[in-house]
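The next block holds one structure in the form of structure tokens; read it before the comments.
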Amino acid sequence: MYIVFEGIDGAGKSTQIQMLREWLEANGFRVETLVEPTDSKIGKLIREMLQRPDATTESVQRMLGLLFAADRLLLMDKLEDDSKIFISDRSFISSLAYQEPAEWIDEINRYAKKPDLLILLDLDVKTSVARASGEDTFENEEFLTRVKANYLKLAENYTHEIIDADRGVNKVSSDIKKAVAPYLGICPDCIL
Ligand code: TYD
């Protein structure tokens, strides 16, 4: 099973993925976590490019679109292993939400695996900007407002759960567990 976490910057994806992982392992599942951008050379180049002041311009966005698409191809073979649950911090759905134009992004991500379950951590844009590291050019209100709207539309195309991420870490984590449990045959009353 391939579970993908998406959401605007600062939604708490990495913390929540860690908590979900520990809970699934306690329930006897084998779990592997993945992160995009990866720690490959392409991933490192992406992180450098994200700090450019012109990262939101059309040409840099196109270049980033290609780099993100190339970077995630490195993860795809791994996902063939069906003895594990894979939980990924971002996927090609990030590219569809952050980069443009949609048809082209779709095309260059043709070989990216579609998630079995998308968990969208939905966060208020103002909270996102306040929580952001301030390092990336994408972390501004106008841009993230567009990304958030894109996410809500994109989610409709996949089996998805939208989680309100504007609350405490433990509340968000328990909502995620409740949302994931039925897909894995875990008894809802057994959730701590
Ligand atoms: P993020 O996971 O937020 O990294 P960090 O934990 O270092 O903040 O990803 C970095 C940025 O890259 C984030 O602003 C979202 C953006 N991004 C895209 O624009 N397109 C993509 O396809 C991916 C995977 C990420």
- Helix 58-76 sits at what angle to the longest principal axis of the chain, using alpha carbons and giving 0 to 90 degrees rounded to 10? 40
- Placing +1 at every Lys and Arg Cβ and -1 at every Asp and Glu Cβ, with all other atoms neutral, what dipole size does the range 2-182 have around its Cα centre, in debye to the nearest 20? 300
- Query: Sequence-distant or interchain residues sharing an amide H contact under 5 Å with Val31, placed H: which?
  - Reply: Ile85
- Once you have the Kirkwood Rh of the range 1-41 from its Cα pairs, apply Stokes-Einstein at 37 °C and 0.692 mPa s and quote D in µm²/s. 285
- Message: Probe of 1.4 angstrom, ligands and nucleic acids ignored: what's the accessible area per residue over the range 2-182, in square angstrom?
- Response: 49
- Relative to the longest principal Cα axis of the chain, at what angle does helix 169-184 sit, 0 to 90 degrees, rounded to 10? 70
- Cα Rg over Rh - the range 2-182, Kirkwood: 0.94
- Per DSSP, the loop-located trypsin sites (Lys or Arg not before Pro) within the range 151-192 having at most 15 other beta carbons within 10 Å are Arg167
- Query: Direction-averaged shadow area of the convex hull around the Cα atoms of the range 43-92, nm²?
  - Reply: 3.9
- Of the accessible area of the chain, computed with a 1.4 Å probe and all protein chains kept, carbon and sulfur make up a percent value of 51
- Query: What are the ³J(HN,Hα) values, in whole Hz, obtained from phi via the Karplus relation 6.51 cos²θ - 1.76 cosθ + 1.60 with θ = phi - 60°, for each residue of the range 19-26 in sequence order, with x given for Gly and Pro?
  - Reply: 5, 5, 4, 4, 5, 5, 5, 5
- In degrees, nearest 10, the alpha-carbon axis of helix 141-154 is tilted away from the dominant principal axis of the alpha carbons of the chain by 50
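The values are calculated or read from the model by the stated rules, or taken from the named source; none is laboratory data. Note that the structure is predicted; figures quoted are calculated from it, not measured. Methodologically, a virtual Cβ is constructed for each residue, glycine included, from the backbone with ideal geometry; neighbour enumeration extends over all protein chains shown. Note: accessible area is taken over every heavy atom of the protein model, side chains too, but ligands, DNA and RNA are not part of it. Shrake-Rupley method; radii C 1.70, N 1.55, O 1.52, S 1.80 Å.
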